[in-house]
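The values are calculated or read from the model by the stated rules, or taken from the named source; none is laboratory data. As the structure is a computational prediction, the values presented were derived from the model and not from experiment. Neighbour counts are summed over all protein chains in view; Cβ atoms, including those assigned to glycine, are modelled from backbone coordinates with ideal geometry.
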There are 4 protein chains.
Amino acid sequence: MSSSFGQIFRVTTFGESHGAGVGVVIDGIPGNMRLSLDIVQEWLDRRRPGQSELTTSRDESDRVECLSGTENGRTLGGPLMLFVRNTNIKPSDYKDVQTVFRPGHADYTMLEKYGVTASSGGGRSSARETIGRVAAGAVAWQLIREFHKDFDIVGWVHSVKDLSIDKATEQTLESTVTRKIVDQSAVRCPDAATSQKMVAIITQAKGAGDSVGGIIRCVIRGVPTGLGEPVFDKLEADLAKAVMSLPATKGFEIGSGFAGTKMSGSAHNDALIKRGEKIATRTNHSGGVVGGLSNGELITFNVAFKPVSTIFIAQDTVDRSGREVTFKPDGGRHDPCVLPRAVPMVESMAALVIADHVLRHRALAPFEP
Amino acid sequence: MSSSFGQIFRVTTFGESHGAGVGVVIDGIPGNMRLSLDIVQEWLDRRRPGQSELTTSRDESDRVECLSGTENGRTLGGPLMLFVRNTNIKPSDYKDVQTVFRPGHADYTMLEKYGVTASSGGGRSSARETIGRVAAGAVAWQLIREFHKDFDIVGWVHSVKDLSIDKATEQTLESTVTRKIVDQSAVRCPDAATSQKMVAIITQAKGAGDSVGGIIRCVIRGVPTGLGEPVFDKLEADLAKAVMSLPATKGFEIGSGFAGTKMSGSAHNDALIKRGEKIATRTNHSGGVVGGLSNGELITFNVAFKPVSTIFIAQDTVDRSGREVTFKPDGGRHDPCVLPRAVPMVESMAALVIADHVLRHRALAPFEP
Amino acid sequence: MSSSFGQIFRVTTFGESHGAGVGVVIDGIPGNMRLSLDIVQEWLDRRRPGQSELTTSRDESDRVECLSGTENGRTLGGPLMLFVRNTNIKPSDYKDVQTVFRPGHADYTMLEKYGVTASSGGGRSSARETIGRVAAGAVAWQLIREFHKDFDIVGWVHSVKDLSIDKATEQTLESTVTRKIVDQSAVRCPDAATSQKMVAIITQAKGAGDSVGGIIRCVIRGVPTGLGEPVFDKLEADLAKAVMSLPATKGFEIGSGFAGTKMSGSAHNDALIKRGEKIATRTNHSGGVVGGLSNGELITFNVAFKPVSTIFIAQDTVDRSGREVTFKPDGGRHDPCVLPRAVPMVESMAALVIADHVLRHRALAPFEP
Amino acid sequence: MSSSFGQIFRVTTFGESHGAGVGVVIDGIPGNMRLSLDIVQEWLDRRRPGQSELTTSRDESDRVECLSGTENGRTLGGPLMLFVRNTNIKPSDYKDVQTVFRPGHADYTMLEKYGVTASSGGGRSSARETIGRVAAGAVAWQLIREFHKDFDIVGWVHSVKDLSIDKATEQTLESTVTRKIVDQSAVRCPDAATSQKMVAIITQAKGAGDSVGGIIRCVIRGVPTGLGEPVFDKLEADLAKAVMSLPATKGFEIGSGFAGTKMSGSAHNDALIKRGEKIATRTNHSGGVVGGLSNGELITFNVAFKPVSTIFIAQDTVDRSGREVTFKPDGGRHDPCVLPRAVPMVESMAALVIADHVLRHRALAPFEP
């Protein structure tokens, strides 16, 4: 119940950070569809730690194995099972977990919920769980592309701490930037000047044993009109749930978002116009979704990530015997800033939502006699 | 598929704005539970238009009928069906809908999705659909209270346009304000000075035929530790989906939210402390949810609402024959600001999420021998 | 959770036998589909008691109201809500229910489950709950026909007590008999000679204050190949669940059924042949489903119904205070044989299954570039 | 969508017969529950082929690996992933599959559904898929036992072809026989005399290259009152779906079943009596389920299995190029009778149903103040 997402394109992740491995079962894929596992590996490589000196040095090779559902590069119609073995486990790095509740981590709430916690690392709460999501995202992306050739998703780091890409630059990026371009930045910020400054901020935080947060911006292109549902399963509602289910997220906004609350209706309403034969909008304050349904414009949204919880500064907390203590981790492998690695996670969650709604729309598209 | 919400406490709304009525079926309620329909009516009355001169003058009496599931003030264990007849329908008010696609409304996307639209009003996209949600929210609230006596939800208008309650005032409100106090303000802003200024802003917008948006802040008290799930169904993810499925919402943030992205980890982490025998946190940047699970602190979140789409100013749009036209509604009944009426909607959606997770936790609570 | 059926074409019934009414919400219907409420009423009329002197004389006019989801004979894409008011309620007829646990009825198990029972009649356990199913079945039938012109479902009474239609006669009926022909028989047995004898058996049971059971046979025609799923949601598994969820059912068999267990594999295997350009089978022991998927042949199944629980003969039981007592109802309205009225229930449940799988197949049909 | 079963205790199987392996993800298990993987292996060993000379000689060691969800013999609250590698794959044995549609097999319908089939063996339609179900069944069994100490499930072969255990013998078995006793028979028939004759029938069929079917009887003990739901998810409906989703099943009956259709109501109704302080029934025609809810008596049901489709006798069929051909397999590994190995499959499916309803009842048990 707790580890599944989607109604027709349905993924179920499993695995703990320090167990045998992590993975995902993906059910609800049409048969005889071309499927590249190389693309899945590429997406996983983008999520992997150790891609630059700014991110954790844990060397996770994270090779994906496809253990069911395909043959000769085609789907068979049954569930795909994608598995990544845990290879670089050093339980000793996490011995703190066994004695204290780490501030900002789920140690205490997991114990309250399940009456037990994994003896090393975060168990299901670890960011390693997102491996299954990213693998599934790469499958979802391929599925959507089979139906909609112009579809694509690109996310990037919009801000770190106080520093953000300026508005004009970003608006240009929205229609043009590619994942390849984004990946050329060590912090996945496609504006070179801003990227450099972000590196400095993160490096400084790392030096201080501290951590930083920021905002990821994501754009979805080539989505046909009419995806989504008008009531509970609005496209923006499902996107919100999708990204708010990622670790460390604190907020979601689509289109004009929180800033839009300061506009008047006459300024906010997107006028409908003709663009060739197609109905389009002059502005895009809606962020590509009206009444829960895609309107054919760019879907644009932001996701807020808090600063990473693991820091190398002494903090007050409570230990498992119930005593107030001071806690400072001995060492271990951690990012001072999760955002660069979170970009493919956000893209993947968005892909899961769109893939599900593509298939849902296929099921319920108006009957044409 | 599209009109249901929740896994165990599961609600399904139905009805169009200008059809026979709107309602909800609620399945997944334990038998023999006390249930007050007066409370349901009270919640609906708070959602009803025409509560002040600032809101639409459509006089919807909105009397709820309970057509199944209870006897003698007790639940029978089967689904509750709550129905509100549409009584004050003037199709003529909506004749525009039949000729043009109104900017900001779902007229165009609904047609693209379903190949047909309701001939009057918004059909399923109308805010009248939320009647079913609020009725269900009032039931959810009662269910949760049976299990957790200290549980409560209070929402209020935090900002209208640029004007917001100041931070210090709001922090005090969080632990103390009641729905009753909130309701004493015509705009549901419990800070009297701010409330007065909000009235002025809304009145001015109304005079100009324009509209305004704003932010609702909501606090949930008395939630036990361990509600939620650590992966996809994180409590904040389900809350995000819940409120982002309301009409006109553009953003959601929990705890520190978007502002939290500017903090360092050492400032953001909530230190764990002992409060009597209970483990608590010194600050509450998390907003009461850690790793997707409630930690026993106040759950606090904000919801961004765009300015209302219906305005009495000429706008560019496209008509149903595909021609670019200028559109200005003749009249009709509309709020210049949806936020006061949206407060009970936000509270209701939050109640639906908590009720579902209360029952889910009941199903899967750790076994104690 | 407990009152819903289907994954995409999803129905939720509600209502108690002696409350305001009973009904159904049907979600997952494509927009702009022609929908006749007259057909829905026709199906309900076939389910209605009082159609002959053999069935209960409770005069339930059972007029269906459609309170959402359609306009001008077309679906709008949102949920249909179909409601039938309870008009002929005489609580006094059921006062026994308040004092004893009636043998064969759910009085005792419902109290154990919910801690409360409806004060009159069976509540959710009443056969009146099936009104919602039959209304939904009539909608499902229309939906399937939009996609598959040759689709139809016909059920009939195959046996009452020891008496059954002979095999040769029945085999002819399978490809030819219509619901209209079936309805010409007072007991819905389309073989005139057998029908007459069945009437005699039922009349005799009625005279003795006793009741009888029997078997309904159902055939589904015009189902395309490939409906169903190969694992848990096999077409026969979903049909089995569907009919076994009807009141008073004790068994289900498809194709060769229990008799097939006595055959050798060489006799049982259906040889594949060409019928024109189409691949078909020479025999149909499979009952139209192979490996959980429809193979294009007739789908044929049987459903066993126990004799009705309400009889006018003294029986041992226990009362609500826990004392062993003898129980004989004073009067009230009851069929000595439920089978004639159960025919449309069986047809409806089969229609719900097929409609859901038609839409599921639409969602996941192999992609063709 | 197609490979999952259960609502709270939810299993998802994956894997093809000739791919890397088969397995199951089980979500919805309370944390901190004792879990023995030895018991899981025991159940799998009972399902394994090659247990006697009557069953296929394919030597599948079928060692289960638990790759997530447990630590130190306790569940962690997240999904269990149980995996069994395919080790003894000889694609050559199945080369026929690539050229002809085997009668009685899903080759043709799978191709129609998915546009592709696995190049060897049955893919998802293979009986190897049931490995995941049996592994999950063994987990379900342990979960139920944690809540209900007297709970158990025992199935056995009631009949092979025309030969069945006599009624009196069987009635005694129902309350007493254990899985251990059943397993002492090569054909899992706990009546020694009948078992011997069954062996003879199967041996004879094997010699003739033919196959036989039969009936499995299953009894569930120690189920508390009130499990199940009164409408669609009746306990008997879920059991019917569960076992009818197993390969080769053609029928299901509970309690009096098809024979009960020949009884009069006065004979069929189970009188309620006091057994000590407990309310019980004098007879058990209901099979332990009344109105969809368990009544505390033995749950008893039968499952019809058709004769195995693979036989070594020439049969008419159609090949993949659409020509009518004669087909006789060259060799390969097959049971002439699936029933002995199907016993743990039936038990497992029953355990999945009960476990799910135990947790569902936990969620919705009447609130007691």
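Would you please name the residue that is nearest to the chain's Cα centre (by Cα), looking only at residues in the range D:5-26 that are at pLDDT below 95 and more than 7 Å from every other protein chain (Cβ to nearest Cβ)?
D:Ser17
Every residue in the range A:224-256 that is farther than 30 Å from A:Thr310 by Cα and either among the aromatic types (Phe, Trp, Tyr) or more than 7 Å from chain B (Cβ to nearest Cβ) (or both), please.
A:Pro224, A:Leu227, A:Gly228, A:Phe232, A:Leu235
Wholly within the range D:289-356, which strands (runs of 3 or more DSSP E) include no fewer than the required count, namely at least 3 residues that are at the interface with chain C (Cβ under 10 Å from one of its Cβ atoms) and surrounded by fewer than 24 Cβ atoms within 10 Å (Cβ to Cβ)?
By residue number, D:315-318, D:324-327.
Quick check on D:Ile181: is it without any contact (Cβ under 8 Å) to a residue 12 or more places away in the chain, of a type in the set (A, V, I, L, M, F, W, C) and assigned to a helix (DSSP H, G or I)?
yes
Determine which member of the set D:Gly209, D:Gly222, D:Gly214 is buried (at least 24 other Cβ atoms within 10 Å of the Cβ) and either at pLDDT 95 or above or closer than 18 Å to C:Lys250 by Cβ (or both).
D:Gly214
Since D:Ser119 meets every condition but one in (1) surrounded by fewer than 22 Cβ atoms within 10 Å (Cβ to Cβ); (2) modelled with pLDDT of 90 or more; (3) over 30 Å from D:Ser36 (Cβ atoms), which condition does it not meet?
All conditions pass for D:Ser119, except number (2).
Out of all the residues in the range D:151-162, is one or more among the β-branched types (Val, Ile, Thr), assigned to a helix (DSSP H, G or I), closer than 26 Å to D:Leu35 by Cα and in contact (Cβ under 8 Å) with a residue 60 or more places away in the chain?
Within the range D:151-162, not a single residue is among the β-branched types (Val, Ile, Thr), assigned to a helix (DSSP H, G or I), closer than 26 Å to D:Leu35 by Cα and in contact (Cβ under 8 Å) with a residue 60 or more places away in the chain.
May I ask you to list the residues in the range C:251-260 that are crowded, with 24+ Cβ neighbours inside 10 Å and either in contact with a Leu (Cβ under 9 Å, 6 or more places away or on another chain) or over 27 Å from D:Ser3 (Cα atoms) (or both)?
C:Phe252, C:Ile254
How many residues are touching a helix residue (DSSP H, G or I) at 6+ places or on another chain (Cβ under 6 Å) and either in a strand (DSSP E or B) or modelled with pLDDT of 95 or more (or both) when one looks only at the range B:57-75? Give the steps one after another, and end with the answer.
Filtering the range B:57-75 for residues touching a helix residue (DSSP H, G or I) at 6+ places or on another chain (Cβ under 6 Å) gives B:62, B:64, B:66.
Still in the running and either in a strand (DSSP E or B) or modelled with pLDDT of 95 or more (or both): B:64, B:66.
So the count comes out to 2.
Looking at (1) under 26 Å from D:Gly121 (Cβ atoms); (2) more than 8 Å from every other protein chain (Cβ to nearest Cβ); (3) in contact with a Pro (Cβ under 7 Å, 6 or more places away or on another chain), can you tell me which one C:Ala280 breaks?
Every listed condition holds for C:Ala280 apart from (3).
In the range D:182-195, what count of residues is obtained for those that are farther than 23 Å from D:Leu352 by Cα and surrounded by fewer than 19 Cβ atoms within 10 Å (Cβ to Cβ)?
Looking only at that region, the number is 4.
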